[in-house]
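One structure is given below, encoded as structure tokens.
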Amino acid sequence: MKKSILIGILAVLTAFFIPAALSQTVEQLQDKFRQLSDEVLPTPNVYRAASGAPGHKYWQQQADYKIDVTLDDQKQRLIGLAKIKYYNNSPDSLRYLWVQLDQNRYAHDSNAQKSEFSSHAPKAGYSVLRRKMHEKTYVGGYDIAAVTDSGGADLKYIINDTMMRIDLAAPLRPGQKFNFIVEWSYNILDAKIIRARGGKEYFKEDDNYIYEIAQWFPRMAAYSDYDGWTNKQFLGNGEFTLEFGDYDVSITVPADHVVSATGTLQNPADVLTKLQQQRLKEAETAKTPVMIITTKEAAAKLNSRAKTTRTWRFKADNIRDFAFASSRKFLWDAQGYYQPENGKTVMAMSFYPEEGNPLWEKYSTQAIIHTLEVYNRYALTYPYAVAQSVNGPVGGMEYPMITFNGPRPTKDKKTDKKTYSDRTKYGLITVIIHEIGHIYFPMIVNSDERQWTWTWMDEGINTFLQGLAEEEWEKDYPTRRAEPYQIVNYMKSKKQVPIMTNSESILQFGNNAYGKPAIALRILRESIMGRELFDFAFREYAQRWKFKRPTPADFFRTMEDASGIDLDWFWRGWFYTTDNVDISLDNIRHFKVNTKDPEIEEAFKRGKHNEKGITQDRLADKTLEKRTDRFPELRDFYNENDKFTVTNKQRNSYTDLLKGLEDWQKEMLNEKSNIYLMDFSNKGGLVMPIFLQIIYEDGSIEDIRLNAEIWRKNSKKVTRMLITEKRVKSVTVDPYWETADVNMDNNHFPRRIETSRFELIKRKKSRDMMKEFDTKLTSDKEVKKSEE
């Protein structure tokens, strides 16, 4: 008997506790607030501290370059020799070195060419087919003439697509350095046909070129504490992971060319006239841009070709890359920008052909200076002597101290008048802000652009700062990726991957690498952390990691360390998932305190009961005489009293209850406030703060902001109590569109009827082939006349 009872009790307990345990396990798996360090972020170590700062044994490699390069304007070819000094600052011995050969991406047999896919639709743009046809004849990739040590002895090497491994005769031990020389050449591609980060643009009208030269020399691959050699092949999207170093570069070009390059010009007397040198000096303290090379001076060189060459020499210290531009078409303007933070002047300079005006002379250099002003305030003080914007074939690309930016006006074929749309105007200002901003991120804060997941660390962070700079340019600036609502359609789509995804595997690159992380940071600043805490933490990140190589974990940890806010739930939801924000206000229930007083409570119940009896009362035949009306003797106590009549026993119980209560408890029973229970559900999966706007019946409005931690016990459903003396008329979730909520229809209670548009469709007429056949044929002469 006892055994059977025990078995029965165990069965009941098992039935009760096992589902509870399973439920708890599932809930733990759904815990949106569990710490990233437990399962996602790498364990802190001596190289990278738990605070997000560089560890006390942090190290990074260094690569110095002395390069001589010649630009052959007749063959559109680049020939160079680089002397590279590589410093092994790591604790590891290296048996070989990896060098990036990014131009090999354009070789016919490259991995990039062999992995390119097409849309499933049997159609393509004109430019796509043009590019594919051009690639069949363009011979791309490096010709490596020699790889030798500093003494001229050949080094053993092997080229694997866009990477070259140099095998060392003896291991390069910690603290040692290695000198070697690479000689190379390659054909400069047409960047107006093949979409690239550098190349040439041909101007048929005057038979001249603009060259924007980037990824042009063999560059040391990065070797880091977190990844070893970063030798992932370059397929096109994943950009570059590089080491800092000092550069001494001599660029030989036709004598009538003007060169813009990374670094400071070392020999102005050799390449500029005395008047141009004087103008450059005056520009240092000018209040507006000064023309160093004027339209007239540039035009004078277009029809006559120099038969000699000149060498422009540039030096730059502590940079991670080098780029340059060259053309006889360039106009050049400059203005000094004094930085009160360090007492130094930065020369903001723009290089552009006459085709760029009137847009470039008006906005380019001003946009550079504006970017320096804003980014210096939010991130770090610009450390270099120059910041440049160059107009040419590349739409937008950044390198240390120099950027390539594409927008220019359109010339009317009939009148030769140049005009530009507002899209072109703001496109130019935007791209200059963005690309100059990239000199800060990642050219100074040296995030890994090639490593999987990390593209957002330069594009997303920079786009966030770009939005702040655009807002300071003018009121109602047409910013594209700053407002939360601008990312809603992407976050609703199924065609997306988490932000923390390899750049070569991203489905919508612009939204994933630029838009979503930028807007996530905007939401953090404006709606979650607040500007003061966010700005301090963000600047701390920039200061900690300038001229160093941060990882996502370093950014996440620094933002929390410097602000004192646990943001793991935010990083997890926004960066590691494709969940979206969809907080639904499902219901609002209204309550008044139960006074326990039977006189009040029974009357309340009677009123509720009578409300429910309205339908029955309407259906009753009121003409029928009731039997109790004809025979009153049938009436008794229950005809005089309903079930809500208060009895003496109830009154006594209430009196006894009051005797057992303290005064403050009695006050609670007499509380007259309205109590509302608001039921929310998380339909999108991404936990976020709940921002409410309450409109009361008296017309007053109250904003209430609830932290994301309200979801910590249940990430799917939550109820919030509101106690108020006023009666609520309506409640709206996210009234100011702060959270990128993808469905605003369920954000209102009671539900709103939103006005939209009902489309009328006109039936398309059937084709009249006879009428088409009789249509007057346009002559070749008329076609030609319309084109002139």
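Every number in this text was worked out from the coordinates using simple rules, so none of it is lab data. Since this is a predicted model, take the numbers as computed values, not measurements. All Cβ positions, even for glycine, are placed from backbone atoms using ideal geometry, and neighbour counts span all protein chains on display.
Mean residue ellipticity at 222 nm, helices only, the chain: -8500 deg cm²/dmol; runs of at least 4 DSSP H residues each add -39,500 (n - 2.57), and the sum is divided by the number of residues. Treating the range 609-761 as a set of equal point scatterers at the Cα positions, no solvent, please give the Debye-formula log₁₀ I(q)/I(0) at q = 0.21 Å⁻¹. Here log10 of I(q) over I(0) equals -1.33.
Look at the dipole of the chain built from charges on Cβ: of N179, I487, A107, the Cα furthest out on the positive end belongs to A107. Each semi-axis of the equivalent ellipsoid for the range 555-682 is √(5λ) with λ an eigenvalue of the Cα gyration tensor; in descending order they amount to 55, 27, 8 Å. A straight Cα-to-Cα reach below 18 Å connects K200 with the aspartates and glutamates D72, D73, D102, E135, D190, E212, D256, E354, E355, E398, residues fewer than 8 places away in its own chain not being considered. Could you point to the residue in I710, I690, H748 farthest towards the positive end of the range 689-748's charge dipole, with +1 and -1 charges on the Cβ of Lys/Arg and Asp/Glu respectively? Selected residue: I710. Sorting 60-72, 431-443 by their mean Cβ neighbour count within 10 Å, with the most densely packed peptide first, gives 431-443, 60-72. Take every DSSP beta bridge whose two residues both sit in the range 62-446; close to 85 percent of them are antiparallel.
The phi-based Karplus calculation (6.51 cos²θ - 1.76 cosθ + 1.60; θ = phi - 60°) puts the 3J(HN,Hα) values of the range 327-337 at 5, 7, 7, 5, 8, 9, 10, 8, 8, x, 10 Hz, whole numbers, x for Gly and Pro. From most to least packed by mean Cβ count within 10 Å, the peptides 389-401, 409-421, 130-142 give 389-401, 130-142, 409-421. The label-point distance for A269 and K136, in a model that sets each label 7 Å from Cα toward Cβ, rounds to 5.6 nm. Beta bridges per DSSP, both residues in the chain: antiparallel share near 85 percent.
When +1 charges are put on Lys and Arg Cβ atoms and -1 charges on Asp and Glu Cβ atoms, the dipole computed for the chain relative to its Cα centre reaches about 1740 debye. Taking amide H atoms as placed 1.01 Å from N in the peptide plane, the amide H of R480 has no partner under 5 Å among residues 5 or more positions away or on other chains. One quarter of the convex hull surface built on the alpha carbon atoms of the chain amounts to 60.3 nm², the projected area averaged over directions. Length available on full extension from S766 to N648: 0.36 nm per residue minus the Cα-Cα distance, which gives 33.7 nm. When you filter the chymotrypsin sites (Phe, Trp or Tyr not before Pro) in the range 75-135 for DSSP loop state and at most 12 other Cβ atoms inside 10 Å of their Cβ, you are left with F117.
Applying Stokes-Einstein at 20 °C and 1.002 mPa s to the Kirkwood radius of the range 196-247, computed over alpha-carbon pairs, gives a translational diffusion coefficient of 154 µm² s⁻¹. Annotation for the range 694-715 versus the range 203-222: alpha-carbon center distance of 56 Å. When peptides 364-370, 624-630 are ranked by their average number of other Cβ atoms within 10 Å per residue, the highest-first order is 364-370, 624-630.
Using 1/(1 + (r/R0)^6) with R0 = 45 angstrom and r between the beta carbons of E341 and Q35, what's the FRET efficiency to the nearest 0.05? Efficiency for this residue pair is about 0.75. The phi torsions of the range 33-41, fed into the Karplus equation with coefficients 6.51, -1.76 and 1.60 and a -60° offset, translate into couplings of 10, 5, 6, 5, 5, 6, 8, 10, 6 Hz, rounded to whole numbers, with Gly and Pro shown as x. Normalised by the number of residues in the range 179-286, the mean separation of alpha-carbon contacts (under 8 Å, six or more apart) gives a relative contact order of 12 percent. One compactness figure for the range 62-446 is 1.00, namely its Cα radius of gyration divided by 2.2 N^0.38 Å. Under the combined filter of DSSP loop state and at most 11 neighbouring Cβ atoms within 10 Å, the range 684-774 retains these chymotrypsin sites (Phe, Trp or Tyr not before Pro): F758.
Between E282 and E205, the contour length at 0.36 nm per residue exceeds the Cα-Cα span by 24.3 nm. Restricting the range 702-733 to GluC sites (Glu not before Pro) that sit in a DSSP loop and have at most 13 other Cβ atoms within 10 Å of their own Cβ leaves E725. Shown here: the range 65-137, whose C-alpha atoms stretch 54, 37, 17 Å along the first, second and third principal axes, sorted largest to smallest. Taking 0.36 nm per residue of separation and subtracting the Cα-Cα distance, full extension of the segment from N357 to K418 would add 21.2 nm.
List every DSSP H helix in the chain whose Cα atoms extend 24 Å or more along the helix's own long axis and whose mean Kyte-Doolittle hydropathy is at least 1.0. Those that pass (Cα extent of 24 Å or more, hydropathy at least 1.0) are 2-29.
Along the axis of the charge dipole computed for the chain (Cβ charges of +1 for Lys and Arg, -1 for Asp and Glu, origin at the Cα centre), the listed residues Q466, V46, G510 are led at the positive end by G510.
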